[in-house]
Ligand SMILES: [Fe+2]
Ligand SMILES: [Fe+2]
């Protein structure tokens, strides 16, 4: 089942919100590639895109936190780093076991629920801080 963007995911920091929308779209592309039977190559292509986009997005958020001396920077970065490891492990599992629709469903649910939780908690707190300390 596809993920939907709605205002409960809006941190109010536009650049971050736009990237979150892209992450959700990328996640939906994997689900779509799997359920429409597009084949392994396409599934891994969409998965590689999500992985690359996630790494870029985390780096952008971390830069923002450093720029504004965000007090929870190290904690937030650690959460990102742990999730990158998790994504690597899930990808390895898909490569080893093959991207069956069932396993793709397990992986996308795990990634999706992590993402929504992280946005609504850690990212909301970060965005509120950055907005309050933004200059100009
Ligand atoms: Fe984020
Ligand atoms: Fe984050």
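Please treat every number below as a calculation from the coordinates, not as lab data. For clarity, every value in this text was computed on a predicted model and none was experimentally measured. Positions of Cβ are generated from backbone atoms using ideal geometry, with glycine treated the same way; all protein chains shown enter the neighbour counts.
Listing for the model above:
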| read-out | value |
| --- | --- |
| Theoretical ellipticity at 222 nm over the chain - DSSP helices of four or more residues, -39500 (n - 2.57) apiece, nearest 500 | -26000 deg cm²/dmol |
| Neighbour-count ranking [beta-carbon atoms within 10 angstrom, fewest first] of 91, 54 | 91, 54 |
| Computed FRET value (nearest 0.05) for residue 97 with residue 5, which takes r as the C-beta separation and R₀ as 30 Å | 0.50 |
| Whether the stretch 1-68 is rounded, prolate or oblate, judged on the alpha carbon gyration tensor where a/c under 1.5 counts as rounded | oblate |
| Hull shadow area, averaged, the chain [alpha-carbon convex hull, nm²] | 7.9 |
| Burial ordering of 36, 7, fewest other beta-carbon atoms within 10 Å first | 7, 36 |
| Cα pair distances of the stretch 45-118 binned at 5 Å [whole percent] | 3, 15, 24, 24, 15, 10, 6, 3, 1 |
